[in-house]
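Take a look at the structure set out below.
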Amino acid sequence: MTELEAQMESLEESQDVLGVFAGINQTGVEPTRESVSLYAYSTRSGNGIAIPATVVSIPVDGFYTDISDVAQTSDVQRSIARAWTVANESDTPPAHRGAVLQLQTPSEWDTVGGGSAALSLALGFAGTNPCTRMNESVAATGGLTTDGTVVDVQYIREKAQTASERGIQVFLVPPNQGITVSGIRVVEVGTFEQAADRALDSNAGC
């Protein structure tokens, strides 16, 4: 377990989030934000689901989550921690040294895992960099190691089908997990940087 993962396990959500926003107000520096969808699988319905998330990069130290207690599983915490680490060590690190993750957890969250969220979250963190923005036609699923390697996840077909139904054109998946799904192009990526090349657009003037 990394130091960040350990910190997240003991996080006092409500007090810390309030403290972070108080810190933002005192700095006078605007936070930056990016929206990203996390694709998961519901064993209750047997379908893929898209979970909206907002990443806010903040000019104060610390990493904070604004999500329900039911989502505070070890898989979720590990995904968040690894995504933050990988994004910070990438060519497009988050805009500021701290972050808040706001996650709209669905009612069936207790029946899906959180390990596959890491790649999408890392892209969201990197998308707060002032020189980048998320390409809204691209989505992803995949686990991450701390060195940015994309690792296998389950239920690729169900997730890709859900992405296709939401109008996504390109769905990024781990190596050797590419499949054919009607209405969407499924593309294998082996590293975070490969995913970023496809999912992040450059802003003018950078």
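The values are calculated or read from the model by the stated rules, or taken from the named source; none is laboratory data. Keep in mind that this is a model prediction, so the values were computed, not measured. FYI the Cβ positions are ideal-geometry reconstructions off the backbone, even for glycines, and counts take in every protein chain you see. Side chains are part of the model used for accessible areas, which takes the heavy atoms of the whole protein and leaves out ligands, DNA and RNA. Shrake-Rupley method; radii C 1.70, N 1.55, O 1.52, S 1.80 Å.
Mind listing whichever residues of region 33-63 are under 17 Å from P93 (Cα atoms) and not hydrophobic (A, V, I, L, M, F, W, C)?
Once the filter is applied, which keeps residues that are under 17 Å from P93 (Cα atoms) and not hydrophobic (A, V, I, L, M, F, W, C), region 33-63 yields R33, E34, S35, T54, S57, P59, D61, G62.
Any chance you could count how many residues in region 84-108 are open to solvent by less than 10 Å² (accessible area, probe 1.4 Å) and at pLDDT below 95?
4
Tell me the helices (runs of 4 or more DSSP H) entirely within region 95-206 that contain at least 3 residues that are under 17 Å from the mean Cα position of the chain (by Cα) and more than 29 Å from V60 (Cα to Cα).
156-165
Given the options T141, T65, name the one that is within 18 Å of V36 (Cβ to Cβ), hydroxyl-bearing (S, T, Y) and at pLDDT 95 or above.
Every option except T141 fails the conditions.
Check E158, E188, E193 and return the single one that is charged (D, E, K, R), touching a Gly at 6+ places or on another chain (Cβ under 8 Å), within 16 Å of D91 (Cα to Cα) and open to solvent by 10 Å² or more (accessible area, probe 1.4 Å).
Every option except E193 fails the conditions.
Quick check on region 27-50: of everything there that is at pLDDT below 85 and within 25 Å of C131 (Cα to Cα), which residue is surrounded by the most Cβ atoms within 10 Å (Cβ to Cβ)?
P31
Among the candidates G127, G143, G148, G178, single out the residue that is open to solvent by 20 Å² or more (accessible area, probe 1.4 Å) and small (G, A, S).
The conditions single out G178.
Of the numbered conditions (1) surrounded by fewer than 19 Cβ atoms within 10 Å (Cβ to Cβ); (2) farther than 17 Å from V55 by Cβ; (3) not acidic (D, E), I168 fails exactly one; give the number of that condition.
With (1) surrounded by fewer than 19 Cβ atoms within 10 Å (Cβ to Cβ); (2) farther than 17 Å from V55 by Cβ; (3) not acidic (D, E) applied to I168, the lone miss is (1).
Considering only residues that are hydrophobic (A, V, I, L, M, F, W, C) and assigned to a loop (DSSP other than H, G, I, E, B), look in region 51-67 and name the one that is surrounded by the most Cβ atoms within 10 Å (Cβ to Cβ).
If we take residues in region 51-67 being hydrophobic (A, V, I, L, M, F, W, C) and assigned to a loop (DSSP other than H, G, I, E, B), then V60 is surrounded by the most Cβ atoms within 10 Å (Cβ to Cβ).
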